[in-house]
Amino acid sequence: MSKNWKPATRLVHSGVQRSEFGETSEAMYLTQGFVYDSAEAAEARFAGDEPGYIYSRYANPTVTMFEQRMCALEGAEAALATSSGMGAVTAALMCQVKAGDHVVAARALFGSCRYVVEKLMPQLGVESTLVDGTDLAAWKAAIRPNTRVLFLESPTNPTLELVDIAAVANLASETGATLVVDNVFATPIYQQPLELGAHVVVYSATKHIDGQGRCLGGIVLSSQEWIKEKMFDFFRHTGPSLSPFNAWVLLKGLETLPLRVAQQTTSAVRIADHLASGKLVNRVLYPGREDHPQAELARRQMKAGSTLIAFELSGGKERAFAFENALQLIRISNNLGDSKSLITHPATTTHKNLSDEDRDALGISAGMVRLSIGLEDVEDLLADVDQALEIASRL
Ligand SMILES: *Cc1c(COP(=O)(O)O)cnc(C)c1O
C-alpha cells in the first residue's frame, strides 16, 4: 500500500488481507478460534515466535482489517477495536492507571465518560479532577505529580465547545501525562489529534464510521509502544473485543465515510446559517460559523465544522419540545452521525443525570437542542425545520 495515498483512497484499500480466493470485498471471518497444523505450531504461536491468530478475543482477521484501515486514516501505528465507544474509552483510560494515580478531564464529556471518570475511577482509588476544558490555566492548576492521564473531547457534546488540543498536549508532555482525545464529534476526516500532539485517540465507531445506524463499535489508536505496553494485556484479558461481523460493517462504512461526512457538513453549514437568521433561535453553536466563540481555534485544529449543530430556542423546554414534536422528517433520537437527521433535547435525555448546577456550568439550557445532520436533501431538511419553527412559534 502506498504511503502517498490520500485519505479517501486509504479508506477503500488500506488494511485488506485477501484470502486464497482473491475476493474483492473484505471477507467476514466469523470464527471464535483458529486451528494449528501441529502441536509445535500451537506452541510457537503462543510463544509469539510465529505470527498468526490464536483466539478472536485477542485478534481476528476482519477486525485487523478494520484496525489497519483506521490506522491508515489516522496516521497511527497501532489500534485495538472494541465492541462500543464506551468499551474504547474505558479500556483506554483504565489500562493505564492504578490506585493512587490521578486523572484530569474536561468537564464537558459524553455522559458515560463522566461516569467512568467521576464514579468508576474514584471507586478504584484513582482520583479525578474535572476542569473547564477551554481554560488552560485550569488544566495547569489541576495537574499534580501523580497525574497520569488527561482526557478530553472536542467539540464537546452537546454544546460544541472546543478544547485546544495542541495546548493540552503540550501540558501533558511537559508533565509526563498521557493525553487521550475522544474525537467522535470532529470525525477522523476533520481533526487529527495525534498530529496535534495527543498520545491516544478514541472513537465510538457507532457514530459516523458506521454512519447508518446499524451496529455499535469503537477503537483506540496510538503508538505501537503504547498499545503493546499499556493496553494489549488489559484488552485481551478483560474482553471488550469487537465482533468480526460488526468490524465488517464498519470496514464498509469507512469506504463511504469521507463522502458522507462532507455531504452532511455541507448541509450542516446551510442549516446553521438558516437557523441563525430565523426567529425563535437565541443562538446557534456551530464550529464552522464565524460567530462561534472559538472560531479562531476551530480554524486552527479542524478542517471543517462537522455534522452537528446545537441551538437554543427562546421559550425553554416547552418551545424545544413543541419544535421537536412538530418535525416530520428529522427524527427524535439521541444517536448522532447517522444518515438520518436526528434531534435530541440534551437536558431531558443524554444529560438528565447531571445536577442543575452542572448543566448550567456546561451551558445546557432548557431550550437547547442538538441536531445531527444526515444525508437527506438539504432543501427537505430546511423545509422541515421551517414548518416546525412555525408551529412552535404559535405556543
Ligand atoms: C457515542 C459516544 C461515546 C460512546 O460510544 P458508544 O458506541 O455509544 O458506546 C463516547 N464518546 C462520544 C463523544 C460519543 O458521542
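The values are calculated or read from the model by the stated rules, or taken from the named source; none is laboratory data. Note that the structure is predicted; figures quoted are calculated from it, not measured. Counting neighbours? That spans all protein chains shown, and the Cβs are built from the backbone with ideal geometry, glycine included.
Scanning the range 114-152 for residues that are surrounded by 16 or more Cβ atoms within 10 Å (Cβ to Cβ), over 17 Å from ASN353 (Cβ atoms) and among the charged types (D, E, K, R) yields GLU127, ASP132, ARG148.
Is one or more of the residues making up the range 207-224 of a type in the set (D, E, K, R) and assigned to a helix (DSSP H, G or I)? No, the range 207-224 has no match at all.
Look at (1) farther than 30 Å from ARG114 by Cα; (2) part of a helix (DSSP H, G or I) and you find that LEU395 fails only one, number (2).
Reported count of residues in the range 75-93, each being outside any strand (DSSP E or B), at negative phi and more than 8 Å from the ligand (Cβ to nearest atom), is 7.
For (1) at pLDDT 95 or above; (2) small (Gly, Ala, Ser), each residue gets a yes or a no:
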{"position": "ASN282", "(1), (2)": "yes, no"}
{"position": "PRO293", "(1), (2)": "yes, no"}
{"position": "LEU336", "(1), (2)": "yes, no"}
{"position": "SER341", "(1), (2)": "yes, yes"}
{"position": "LEU362", "(1), (2)": "no, no"}
{"position": "VAL378", "(1), (2)": "yes, no"}
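A count restricted to the range 328-382 and to residues that are free of Cβ contacts under 8 Å to residues at least 24 places away in the same chain and closer than 25 Å to SER267 by Cβ stands at 7.
Of all residues in the range 107-126, those that are at negative phi and within 16 Å of the ligand (Cβ to nearest atom) have Cβ atoms under 6 Å from Cβ atoms of residues that are assigned to a helix (DSSP H, G or I) and modelled with pLDDT under 95, 6 or more apart or on another chain, in ALA108/LEU362.
Looking across GLY253, GLY218, one residue alone is in contact with a Ser or Thr (Cβ under 6 Å, 6 or more places away or on another chain) and within 15 Å of the ligand (Cβ to nearest atom). It is GLY218. Annotation: of all residues in the range 127-158 being in a loop (DSSP other than H, G, I, E, B) and among the polar types (S, T, N, Q), the one that is farthest from the ligand (Cβ to nearest atom) is ASN146. Restricting attention to the range 161-184, the residues that are within 16 Å of the ligand (Cβ to nearest atom), in contact (Cβ under 8 Å) with a residue 60 or more places away in the chain and within 21 Å of ILE219 (Cβ to Cβ) total 4. Among the residues making up the range 10-27, those that are of a type outside the set (A, V, I, L, M, F, W, C) and without any contact (Cβ under 8 Å) to a residue 12 or more places away in the chain are ARG18, SER19, GLU20, GLY22, GLU23, THR24. Quick test of your reading of the structure: HIS237 fulfils all but one of (1) part of a strand (DSSP E or B); (2) surrounded by fewer than 24 Cβ atoms within 10 Å (Cβ to Cβ). Name the failing condition by number. If we test HIS237 against (1) part of a strand (DSSP E or B); (2) surrounded by fewer than 24 Cβ atoms within 10 Å (Cβ to Cβ), just (1) comes out false. Residue check: is ARG214 modelled with pLDDT of 95 or more and within 21 Å of LYS340 (Cβ to Cβ)? So ARG214 passes the test.
For the criterion of being assigned to a loop (DSSP other than H, G, I, E, B), within 16 Å of the ligand (Cβ to nearest atom) and either of a type in the set (Ser, Thr, Tyr) or in contact (Cβ under 8 Å) with a residue 40 or more places away in the chain (or both), LEU30 fails.
Yes/no matrix, rows are residues, columns are (1) within 21 Å of the chain's Cα centre (by Cα); (2) within 16 Å of the ligand (Cβ to nearest atom); (3) more than 30 Å from LEU196 (Cα to Cα); (4) surrounded by fewer than 21 Cβ atoms within 10 Å (Cβ to Cβ):
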site: ASN282; (1), (2), (3), (4): no, no, yes, yes
site: ARG300; (1), (2), (3), (4): yes, no, no, yes
site: GLN328; (1), (2), (3), (4): no, no, yes, yes
site: ASN335; (1), (2), (3), (4): yes, yes, no, yes
site: ALA361; (1), (2), (3), (4): no, no, no, yes
site: ARG370; (1), (2), (3), (4): yes, yes, no, no
site: ASP384; (1), (2), (3), (4): no, no, yes, yes
site: GLU390; (1), (2), (3), (4): no, no, yes, yes
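The range 245-350 holds strands (runs of 3 or more DSSP E) entirely within its bounds, and those carrying 3 or more residues that are over 26 Å from GLN212 (Cβ atoms) map to 281-285. Looking across the range 51-94, just one residue is closer than 28 Å to MET121 by Cα and free of Cβ contacts under 8 Å to residues at least 40 places away in the same chain, and that is ALA59. Scanning for something in the same structural domain as GLY213 (by TED's automatic domain parsing) and over 30 Å from GLY213 (Cα atoms), does the range 80-92 turn up at least one residue? Within the range 80-92, none of the residues are in the same structural domain as GLY213 (by TED's automatic domain parsing) and over 30 Å from GLY213 (Cα atoms). Within the option set ALA27, ALA59, ALA39, being in the same structural domain as PRO188 (by TED's automatic domain parsing), of a type in the set (A, V, I, L, M) and touching a helix residue (DSSP H, G or I) at 6+ places or on another chain (Cβ under 8 Å) holds for one residue only, ALA27.
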